[in-house]
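Everything below concerns the one structure shown next.
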Amino acid sequence: MAPGLPVPGLTLAKQKARFNKQGLHGRRGKVTMPPMQDADTSSASIDAALLAHLQTWQGRTETRGDVLTAAPVSGLSATLDRNDAPPQNGTALPPLWHWLYFLPQPRQSEIGPDGHPRRGGFLPPVPLPRRMWAGGRLRWETGNPMQVGQTLQRTSTIQSVKHKAGRTGDLVFVQVEHQFRNAQGLALTEEHDIVYRAAAQPGDPIPAPTPAPQDAAWRRTIVPDDVLLFRYSALTFNGHRIHYDRKYVTEVEGYPGLIVHGPLIATLLLDLLRREIPGAVVASFDFKAVRPTFDLHPFSVQGRPSPDGRSVELWAQDHEGWLTMQGTATLA
């Protein structure tokens, strides 16, 4: 989920018509792919009345439960090419691996044309077509670790819905807070930033890239092939087509290639820290997506511990040396 590039000469209306024409329609149990809906792909401007409606979602809460089973932990360990011991009840959950749980599971008929659940419900129905996991802030209760075998409850709250007019159109920022509790109480507080953007148009200005730092102490090269992206999508039950459907991502959304999941990159950043300091206990992690990463070239995750060893600067860099994600982890 990331900002992308326009399809030269192809308007949004033509993209919708082309996609609808290619959709699969059927009856009596045949697979049906619904056409693009205006609620999912509209580029309507966000006026005061619409923003006020979207802001009625502020304060909404949702509570869900889940069990931290072992199988997803084994799957992500293999996907990250780790040689971990098989997880058992009581195995500490590595930081950010809670994203393997509390997964939305909408019915197939409730999926939108981009592979995401149709809008509305808990999250506000923002009528802008492109969605991006823009970053987040996480605080772990280090005296109460999440462990395999535990039953957890997650309470989610829409904290804010804000609008901004950017150089390429409307932007809507939705901030969600998640609190995770086990039998001992609060274990993790997470603030999750979601950005909704207007559809790309020919002639949109492209933001100037930021050079990545050149003083890394740690570095690992990642090859984001189709299999890696598919495995992570499967582990997180993420149907967003920009991560696995090359025809869709290039011809409908106008990106040059498959997009590497932002949460996967963030997980790789903290995985680099774990590889370099195996016994480290992460107390907090703040991260921000800066630039999309595509599967067309290898990228790298890099890091640099602070002189006092109490924090670590982490970032991802694409094949051209541009910064794509940056974050800071503090250690307990």
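The values are calculated or read from the model by the stated rules, or taken from the named source; none is laboratory data. Note that the coordinates shown come from a computational prediction; the quantities given were computed from them, not determined experimentally. Note: ideal-geometry Cβ built from the backbone for every residue, glycine included; neighbour counts use all protein chains shown. What goes into the accessible areas is simple: the full protein's heavy atoms, side chains included, and nothing from ligands, DNA or RNA. Shrake-Rupley method; radii C 1.70, N 1.55, O 1.52, S 1.80 Å.
Counting Lys and Arg as +1 and Asp and Glu as -1, what is the net charge of the other residues whose Cβ lies under 9 Å from the Cβ of Y101? Working shown, then result.
On the way: positive: R154; negative: D66.
Every neighbour counted, the sum reads 0.
With the convex hull built on the Cα atoms of region 76-136, state its orientation-averaged projected area in nm².
It is 6.6 nm².
Once both labels are modelled 7 Å past Cα along the beta-carbon direction, what's the A183-A208 spacing in nm?
5.7 nm
Taking the Cα of R64, stepping 7 Å toward and past its beta carbon, and measuring to each backbone N in region 231-268: which are under 20 Å?
Counting backbone N atoms under 20 Å from the label point, the list is 231-243, 261-267.
Pairing the Cα long axis of helix 226-235 with the longest principal axis of the chain, what angle in degrees results, from 0 to 90 and rounded to the nearest 10?
Roughly 80 degrees, rounded to the nearest 10.
Using a 1.4 Å probe on the protein chains only, how many percent of the accessible area of region 109-189 belongs to carbon and sulfur?
Carbon plus sulfur share of accessible area: 50 percent.
Between H116 and residues 5 or more places away or on another chain, which pairs have amide H atoms under 5 Å apart, with H built 1.01 Å from N, and which residues are they?
Hits under the 5 Å cutoff: R241.
Taking 0.36 nm per residue of sequence separation and subtracting the Cα-Cα distance, how much length would be gained by fully extending the chain between E191 and E110, in nm to one decimal? All intermediate terms of the calculation are to be shown ahead of the outcome.
Details: separation 81, 0.36 × 81 = 29.16 nm, distance 2.62 nm.
Using 0.36 nm per residue and subtracting the Cα-Cα distance, I get 26.5 nm.
What is the Cα convex hull volume of the chain when expressed per residue in Å³?
Values: hull volume 48.1 nm³, N = 332.
Spread over its residues, the Cα hull of the chain gives 145 Å³ apiece.
Under 8 Å for C-alpha pairs, at least 6 residues apart: give me the relative contact order for the chain, rounded to a whole percent.
Relative contact order, the chain: 21 percent.
Using alpha carbons only, how many angstrom separate the centre of region 240-267 from the centre of region 55-132?
Distance between centres, Cα-based: 17 Å.
Could you order T151, T142 so the one with the most accessible surface comes first? Probe is 1.4 Å.
On the way: T151 95, T142 70 Å².
If we order T151, T142 from most to least accessible, we get T151, T142.
Quantify, in whole percent, the carbon and sulfur part of the accessible surface of region 192-321 (1.4 Å probe; protein heavy atoms only).
Details: 3060 of 5580 Å².
Carbon and sulfur atoms account for 55 percent of the accessible area of region 192-321.
Give the Kirkwood hydrodynamic radius (Å, one decimal) of region 124-271, defined as one over the mean of 1/r across all pairs of different Cα atoms. Working shown, then result.
Values: mean 1/r = 0.0551 Å⁻¹.
Result for region 124-271, one decimal place: 18.2 Å.
Rolling a 1.4 angstrom probe over the protein heavy atoms, how many square angstrom per residue are accessible across the chain? Working shown, then result.
Details: 15720 Å² over 332 residues.
Computed with neighbouring chains in place, this is 47 Å² per residue.
To the nearest 20 debye, what is the magnitude of the charge dipole of the chain about its Cα centre, counting +1 on the Cβ of each Lys and Arg and -1 on the Cβ of each Asp and Glu? If you can, show how the numbers build up before the last one.
On the way: 35 positive and 30 negative charges, 185 e Å.
I would put it at about 880 debye.
Go ahead and estimate [θ] at 222 nm for the chain from helices alone: -39,500 (n - 2.57) per DSSP H run with n ≥ 4, summed, over the residue count, rounded to 500.
Details: 7 runs with 63 residues, N = 332.
Per the formula, -5500 deg cm²/dmol.
Between beta-carbons, use under 15 Å as the cut-off and find the net charge around R275, counting Lys and Arg +1, Asp and Glu -1. Write down the numbers at each step before the final one.
Numbers: positive: R82, R219, R220, R274, R304; negative: D81, D84, D271, E276.
After counting each charged neighbour, the total is +1.
Helix 70-79 versus the longest principal axis of the chain: what is the Cα-based angle in degrees, 0 to 90, to the nearest 10?
80 degrees
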